[in-house]
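Data first, discussion second: the structure below is written as structure tokens.
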Amino acid sequence: MRQLIITTCFLPLIVLISIGCTDDRDWITLQQEAAKLVEEGDFAGAEDLAQKSLTHAENTIGPDHADVAHVHNTLAMVAYGNQDYAQTEAHHRHALAIQEQALGKNDFEIGRTLASLGDFFLSQNKLTEAAETHERAHEILVANLGDQHPDIGRSINNLARIYTAQNRLREAASHHAQALAILEATLGPDDPEVKMVIDNLTILYSDIAPSETADTSRPIDP
């Protein structure tokens, strides 16, 4: 099967690190500077600042405070950039454990961390873990955002990517179609994300057996 067009369609992790951290303590400044260095590809510099941020945060608000989870997610990005995938997973899981202990089970922040962890699993071809994690993330995000938010379209598209990798093509096509409807309605037909989903959906349709697509009026069901 041909490789689908893949872009980073999950909820941006850079955004999540500042959510919930509303004051101007030194550890927050360090964290934000670390995230900026990650964007610039300076992972050594980012790691130094993020580790300092973690130490200051744990000393200031305690290691189990919900905001400390954001620093662990920053460190996960650093580790991924350094191709240290064991540490990437460890930091995401640590962030998730802190959030699950400190926040409600359907808290928005948990959904974001799950989405990031699910995308990591997909990048490592851990497809079962990716599907389970993204499916849980999707439920939480819908509970917080409703079912017509662009981030919900992105979440559905993430699931479609996983199902494609699992060769569950009809489910993948159905999810791409749902994502397309949401993203087109919320972002407009000319948005690059919309065009990417259309391209992926076109490729999927051509890869599904001709006998399953001969009747174009028949909806593609999971």
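Observations
- For Phe108, Phe120, order by how many other beta-carbon atoms lie within 10 Å, fewest first: Phe108, Phe120
- Oblate is the label for the range 120-195, because the ratio a/c of its alpha-carbon gyration tensor axes (a ≥ b ≥ c) is 1.5 or higher and a/b is not greater than b/c.
- Least to most buried among Leu180, Leu204, Leu169 (fewest other Cβ within 10 Å first): Leu169, Leu180, Leu204
- Partners of Lys52 within straight-line reach, counting lysines whose Cα lies under 18 Å from its Cα and excluding those fewer than 8 residues away in the same chain: Lys36.
- Gain upon complete extension [Gln83, Leu127; 0.36 nm per residue less C-alpha separation]: 13.9 nm
- Each of Val71, Val194 was scored by other Cβ atoms within 10 Å of its Cβ. Arranged with the fewest first, they read Val194, Val71.
- Given in Å, the Rg to one decimal and the Dmax to the nearest whole number for the Cα atoms of the range 64-182 are 14.3, 42.
Laboratory data are not the source of any read-out in this text; all were calculated from the coordinates shown. Predicted, not measured: the structure shown is a model, and the values here were computed from it. For neighbour counting, all protein chains shown are included, and Cβ atoms are generated from backbone atoms with ideal geometry for every residue, glycine included.
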